[in-house]
Amino acid sequence: MKKTLYDKIWDEHLVHENEDGSSLIYIDRHLVHEVTSPQAFDGLDIQKRDIWNNNSIYAVSDHNVPTQNRASGIDDEISKLQVDTLIDNCKKHKISYFDLNNINQGIVHVIGPELAITQPGMTLVCGDSHTSTHGALASLAFGIGTSDVEHVLATQCININKEKNFRINITNNLSSHVSSKDLILHIIKIIGTSGGTGYTIEFTGDCIENMSIESRMTICNMSIEAGAKSGLVAFDSKTHDYMLNKKYSPNKKYLNDAIKYWENLVSDSDAVFDKTLSFDATDVLPQVTWGTSPEMTTDINGKVPNPDDENDSSKKQYMQRALDYMGLKANQDINSIMLDKIFIGSCTNSRIEDLRQAAKIVEGYKVSDKIKQAIVVPGSGHVKAAAEKEGLDKIFVKSGFEWREPGCSMCLGMNNDSLLPYERCASTSNRNFEGRQGDKGRTHLVSPSMAALAAIKGHFSNVIDFVNEK
Amino acid sequence: MKNKIIEGQVIPFDQSNIDTDAIIPKQYLKSIKKSGFGPFLFDSLRYTDPGDLSTTKKRNINSNFVLNIEPYSSGNIILANDNFGCGSSREHAVWALKDYGIEAIISTSFADIFYRNSFKNGLLLISVNKDELENIFSEISESPKYNLTINIQNQTITTPSGQAYSFTISDSDKERIILEYDDIELSLRHKDKVKNYEDNMKLLKPWIFEKNND
Ligand code: SF4
């Protein structure tokens, strides 16, 4: 039978099929962070269970860490306890941990690929929904809850049901200054936040083939926002090149075997998908979310939609509630929306290419005096170092951005970086839920270059026009 | 065969895409425990003043929020619209619902990770179709005091008027709720199979098991 990429990785990791249709799947890599792990380690202790394979686990603190003045440690005592608990658990179980002063520290989904902890064909889990990011390297990666973190620690397996196959095929290339962030927001707008529920999505087509690995990560990252636990992109020469010469790249003596194995990580040409969506990349314009769900997205040239145009009464109510929360009016032009804060960062858009795109826009301009704060938070110590080597930090600082230490930061505001009530933010992160970036804060999701342009202008504006007029 | 019956007041929460950030906001994720999240369930909707783990003063109640309205304030079954539990994988959301006293949630659909987390903690999720959901919503709006009876073994929901709806859950999820079994214990029964698989893979894909550095 012809297999999809998902089928292949699934079959390769199948240990046991249960009578009820669920399966025990072997997990190759387990990433751990401070927020969703303490209760899992605690559970092991209570049951006096051992960790199955501590070599398969890599841990890092990212959600709760300060992005300034790291030398003085973590002020917030509750956050500090959580980070210290992870450190203690890693020491006790001999798990690799990257501390705050280590160049390998960063957002768990940035460091996994960057250090080649994630490799093609692997199964990878983490107690974090954006684990879908790692699928860009042709690995089957998905987020799990804390009970499953404990389960994987103890058994190296997870008991799950197989998902269905969903193929999203994108032909042609994105226009210049339209990014993969715009593409994935566009997709979520089409299929909705539950359009991928129960499926693993494989992204295919020349648009994806011509795209860098980092751009692919942005797309897989937000698959979860379309309801799919995993996104996938097939192995190709770009994946091949990406995997070489990284900290945990396969040992040289096995590299040829690994490559041979990886080359099979593509869907068979006539594999059958349960669902398919195809569209043309040239239709995609820069996107801005206007509401409190990632599906509430429109083109930069568009307007805030009018709930009165919606026939379904519960949808109408939901839209109205979103507009009230966001402090927007129906039919308002998107580019009339004025902003208070700008956040460039998160596991969606904090890699070197993202920072380059943003820097290109702000270079030679100043952040608008209407903007209270604009911050750039690189995804990892390595991203930060690479950006500084290229002088991107200087460009940002010169134009009025703050240049920070790596972490999740204002994506969810567990540390000091958050929105105050009613503040409005152009953010390169992935969730615009009520209160996500701070109680009553208002989030608009955009690409790095759109966020950068919003910083200069003080409001949203079309980055394509801006570059063309320059 | 053992059974479990859940009975109680329904809380009509007429919204779609209720996300786990709303169920338990981030400031409470700093806790390293599994318990004590109940008072913070739906925190920013339930209270009008902000709070965090160190808040000791009495909070200001948002009297318009469904959990604060009689008779829903004593409810144990949530009724909500599509895609309940989307967003973050935080299991704290389920711990908060359970700790508050929620025993079942009825909706047309649930997000995948939330679904798993719920059954792992003995929280029953029931999917019904759009018509059934709307029926129940409209009955509650007519008579707010509204008790449902959920029979897990028979997979039925019975409304106060005696109407019964059936629902599907997998046998294993049913057992998780009724017998509260330990998933890890069950998986470890296949320990030898896992070991065999692993030994085999160590030969076939050694690069996965040998750390290159460190
Ligand atoms: S950057 Fe945001 S979405 Fe990504 S792991 Fe951190 S908190 Fe989650």
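When a 1.4 Å probe is rolled over the protein heavy atoms, the share of accessible surface on chain A that falls to carbon and sulfur comes to 45 percent.
Just to be sure I understand: with springs between alpha-carbon atoms less than 10 Å apart, which residue in B:Asn17, B:Asn117, B:Asn135 has the highest mean-square fluctuation in the Gaussian network model of chain B? Between B:Asn17, B:Asn117, B:Asn135, it is B:Asn135 that shows the largest mean-square fluctuation. Using the alpha-carbon positions of the protein assembly as shown, Rg (one decimal) and Dmax (whole number) come out as 24.0, 74 Å. Computed about the Cα centre, the dipole magnitude for the stretch A:5-275 is approximately 520 debye when only Lys and Arg (+1) and Asp and Glu (-1) carry charge, each at its Cβ.
For the cross-link pairs A:Lys189/B:Lys98; A:Lys366/A:Lys470; B:Lys33/B:Lys98; A:Lys229/B:Lys33; A:Lys440/B:Lys33; A:Lys162/A:Lys189, the ones whose C-alpha atoms lie over 21 Å apart are A:Lys189/B:Lys98; A:Lys229/B:Lys33; A:Lys440/B:Lys33; A:Lys162/A:Lys189.
Compared with the rule-of-thumb size 2.2 N^0.38 Å for a compact globular protein, the stretch A:53-115 has a Cα radius of gyration ratio of 1.12. Couplings 3J(HN,Hα) for the stretch A:325-342, derived from phi with the Karplus relation 6.51 cos²θ - 1.76 cosθ + 1.60 (θ = phi - 60°), are 4, 7, x, 10, 10, 4, 6, 5, 5, 4, 6, 8, 6, 8, 10, 9, 9, 10 Hz, where x marks Gly and Pro.
Rounded to 0.05, the FRET efficiency of the B:Asn3 and A:Lys48 pair, given R0 = 35 Å and the Cβ-Cβ distance, is 0.60. Among the residues of the stretch A:7-56, those with an accessible-area drop of 50 Å² or more from chain alone to full protein complex, heavy atoms and 1.4 Å probe, are A:Glu12, A:Val15, A:His16, A:Asp20, A:Tyr26, A:Gln39, A:Arg49, A:Trp52.
Which pairs break 29 Å Cα to Cα here: B:Lys26/B:Lys145; B:Lys30/B:Lys58; A:Lys246/B:Lys26; A:Lys164/B:Lys2? Beyond 29 Å: B:Lys26/B:Lys145; A:Lys246/B:Lys26; A:Lys164/B:Lys2. Which shape class, rounded, prolate or oblate, goes with the stretch A:5-275 when its Cα gyration tensor gives a ≥ b ≥ c as root eigenvalues, a/c under 1.5 marks rounded, and past that a/b bigger than b/c marks prolate? Prolate, since a/c reaches 1.5 and a/b exceeds b/c.
Heavy-atom accessible area, probed at 1.4 angstrom with all protein chains present, ranks A:Tyr318, B:Tyr181 as B:Tyr181, A:Tyr318, highest first. Using only the Cα atoms of the stretch B:5-180, build the gyration tensor, take square roots of its eigenvalues as a ≥ b ≥ c, and label the shape rounded, prolate or oblate: rounded if a/c is under 1.5, else prolate if a/b is larger than b/c, else oblate. Oblate, since a/c reaches 1.5 and b/c is not below a/b. Near A:Lys164, the amide H atoms lying under 5 Å from its own belong to A:Tyr199, A:Thr200; only residues 5 or more places off or on other chains count, and H is placed 1.01 Å from N.
Dipole magnitude for the protein assembly as shown: computed about the Cα centre from +1 point charges on Lys and Arg Cβ and -1 point charges on Asp and Glu Cβ, it is near 1420 debye. Springs join every pair of Cα atoms under 10 Å in this Gaussian network model of chain B, and among B:Glu198, B:Glu185, B:Glu134 the largest mean-square fluctuation is at B:Glu198.
Averaged per residue, the protein assembly as shown has 37 square angstrom of accessible surface, using a 1.4 angstrom probe with ligands and nucleic acids left out. Would you please classify the overall shape of the stretch A:47-202 from the alpha carbon gyration tensor, given that a ≥ b ≥ c denote the square roots of the eigenvalues, rounded means a/c under 1.5, and beyond that prolate means a/b larger than b/c while oblate covers the rest? It is oblate, given that a/c is not under 1.5 and a/b is not larger than b/c. Nonpolar atom fraction for the stretch B:1-156, defined as the carbon and sulfur part of the 1.4 Å probe accessible area, stands at 48 percent.
Estimated purely from DSSP H runs of n ≥ 4, each contributing -39500 (n - 2.57), the mean residue ellipticity at 222 nm for the protein assembly as shown is -9500 deg cm²/dmol once divided by its residues. Dipole orientation for the stretch A:125-271: of the candidates A:Thr146, A:Asn173, A:Gly135, A:Thr146 has the Cα lying most toward the positive pole (charges on Cβ; Lys, Arg +1; Asp, Glu -1). Helix A:77-93 axis versus longest C-alpha principal axis of chain A: approximately 20°, rounded to the nearest ten. Distances between placed amide hydrogens fall under 5 Å for A:His16 paired with A:Leu24, all partners being 5 or more residues away or on another chain.
Highest mobility in the GNM of chain B, judged by mean-square fluctuation with C-alpha springs under 10 Å and restricted to B:Ser170, B:Ser31, B:Ser138, is found for B:Ser170.
Using +1 at the Cβ of each Lys and Arg and -1 at the Cβ of each Asp and Glu in the protein assembly as shown, identify which of B:Leu203, B:Ser141, B:Phe42 lies farthest towards the dipole's positive end. So the residue we want is B:Leu203.
The values are calculated or read from the model by the stated rules, or taken from the named source; none is laboratory data. Treat the numbers as computed from the prediction; the structure is a model and nothing was measured. Methodologically, a virtual Cβ is constructed for each residue, glycine included, from the backbone with ideal geometry; neighbour enumeration extends over all protein chains shown. For the accessible areas, the whole protein counts, side chains as well, though only heavy atoms, and no ligand, DNA or RNA atoms are used. Shrake-Rupley method; radii C 1.70, N 1.55, O 1.52, S 1.80 Å.
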